[in-house]
Structures are given as C-alpha cells and as structure tokens.
Amino acid sequence: MAFKLPDLSYDYNALEPSIDARTMEIHHTKHHTGYTNNLNNAIKDSALENLSIEYILKDISKYSVAVRNNGGGFFNHKLFWEIMSPNGGGKPKGDLLDNINRDFGSFETFKDLFNKAATTRFGSGWAWLVNQNGKLVVSSTPNQDNPLMDVAEVKGTPILGLDVWEHAYYLKYQNKRPEYIDAFWNVIDWDQVAKRFV
Ligand code: MN3
C-alpha cells in the first residue's frame with residue numbers, strides 16, 4: 001500500500017476534555033482509515049503510487065474526485081493529529097509569534113480571524129493558518145480540500161488546521177461548533193506548528 005494510516009503520538013483520551021476519547025477513536029480508526037484506504041484504492045496501479053502526498057495535492061485538478069477527497073482527507077487528518085497535544089494550548093513563541101504579530105497585528109486578532117473562518121465555513125470543511133512564502137494568512141476550504149491544492153482559493157503551506165466536519169465534534173458538542181472551536185485552542189501544539197513554519 002502506498003499510504004499508511006499514521007499512529008497518534010498520544011492516547012485517544014489524551015485530549016480530554018477538549019476532544020473526547022470516543023470522537024478521537026472513531027475519527028482515527030474509521031474516518032482517517034477510510035480516507036487512507038480509499039486513496040490507496042484510487043491510485044492503485046497508477047503512477048501516483050510513487051508520488052508523495054504533497055506532490056499529488058499540488059496537481060490535484062488533474063486527478064479524480066476520489067483522489068481529491070481521499071488524498072485531502074489523508075493529508076489533512078495527519079496534520080491535524082500532529083498539531084495537537086495533551087500538553088498544548090497557550091500561545092506560540094519566537095519567530096512564529098513575531099510573524100503572527102506582524103501579519104495580523106496581534107495573536108488575539110489572528111485567533112478571532114481563525115475562529116471566524118472555522119465558524120462560518122458552511123457545511124463540512126477546514127480552517128487553516130497558511131504560510132505563503134513567509135506571509136501568514138487565514139483561510140478555509142470545503143470538504144477535504146486544502147491550501148496545497150491547485151484548486152484552492154488561498155494557496156500556500158498549511159501549518160495549522162482545524163477539522164470542522166460534524167464527525168469531528170458532534171458526539172460531544174452536537175450543533176455547538178463554536179464551543180468545539182474554543183476548546184481546540186487548549187490542545188494546539190505550538191511547537192509543532194512552529195516546526196512547520198520553518
Ligand atoms: Mn475529520
């Protein structure tokens with residue numbers, strides 16, 4: 001198989017109470033597993049089997065809807081697990097904080113913009129903090145699209161992402177997406193986000 005479901009570096013209950021264990025378990029073992037398997041099936045016996053996921057995403061308009069949806073789903077969830085931690089929360093430091101202050105005015109302004117992108121994304125999708133060659137911007141995408149894709153309205157390298165599909169929060173938060181978004185800030189691993197920014 002070309003792509004392999006990544007393990008989490010923490011237990012399913014490690015992000016409680018912000019994200020509940022049952023949601024984490026279903027999200028990883030059912031949803032992320034599904035995207036990974038469906039991606040592998042969609043690229044089976046094609047040249048895409050030898051490409052990195054980033055390389056596939058940057059030319060995504062050339063490929064099938066199945067590759068777009070499942071390639072995005074594979075990449076987005078891998079990033080999502082990696083930028084969260086039971087020791088997360090607080091604020092970024094160093095270069096990342098300096099750049100957030102420069103490009104948004106303040107961390108609080110950035111946070112408001114990100115929350116707005118996550119709250120107002122209609123239906124299923126993602127909110128992003130995107131690095132555009134050193135300039136940081138906030139965006140959101142529908143479905144499993146992301147800023148690496150050539151079809152994205154706002155292109156760049158995603159360094160922070162929040163899944164706002166109902167499957168990411170409905171068990172604990174039901175229709176209260178803003179409460180889930182608030183809780184996400186408690187588990188962001190800013191050291192990992194900073195590594196992606198370098
Ligand atoms: Mn998801």
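Every read-out reported here was derived from the displayed coordinates using simple, explicitly stated rules and does not represent laboratory data. None of these values were measured; they are calculated from a predicted model. Ideal geometry is used to build each Cβ from the backbone, glycine not excepted, and the neighbour counts take in all protein chains shown.
Which one is farthest from the ligand (Cβ to nearest atom), of the residues in the range 154-176 that are surrounded by fewer than 18 Cβ atoms within 10 Å (Cβ to Cβ) and closer than 22 Å to Val138 by Cβ? For the range 154-176, the residue satisfying everything is Lys155. Give me the residue from the range 60-85 that is closer than 13 Å to Tyr35 by Cβ and among the basic types (Lys, Arg) and, out of that set, farthest from the chain's Cα centre (by Cα). Ranking the qualifying residues of the range 60-85, first place goes to Arg68.
From the list Pro158, Pro92, which one is out of contact with any strand residue (DSSP E or B) (no Cβ under 8 Å at 6 or more places or on another chain) and either closer than 29 Å to Asp59 by Cβ or part of a loop (DSSP other than H, G, I, E, B) (or both)? Every option except Pro92 fails the conditions.
Rundown of residues vs (1) within 16 Å of the ligand (Cβ to nearest atom); (2) in contact with a Cys (Cβ under 6 Å, 6 or more places away or on another chain); (3) not in a strand (DSSP E or B), yes/no style:
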{"site": "Phe74", "(1), (2), (3)": "yes, no, yes"}
{"site": "Trp81", "(1), (2), (3)": "yes, no, yes"}
{"site": "Pro86", "(1), (2), (3)": "no, no, yes"}
{"site": "Lys116", "(1), (2), (3)": "no, no, yes"}
{"site": "Thr119", "(1), (2), (3)": "no, no, yes"}
{"site": "Ala127", "(1), (2), (3)": "yes, no, no"}
{"site": "Gln144", "(1), (2), (3)": "yes, no, yes"}
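Taking the range 82-114 as the range and being surrounded by fewer than 18 Cβ atoms within 10 Å (Cβ to Cβ) and among the hydrophobic types (A, V, I, L, M, F, W, C) as the test, the residues that pass are Leu97, Phe107, Leu113. Scanning the range 42-57 for residues that are under 14 Å from the mean Cα position of the chain (by Cα) and either small (Gly, Ala, Ser) or over 24 Å from Leu8 (Cα atoms) (or both) turns up nothing.
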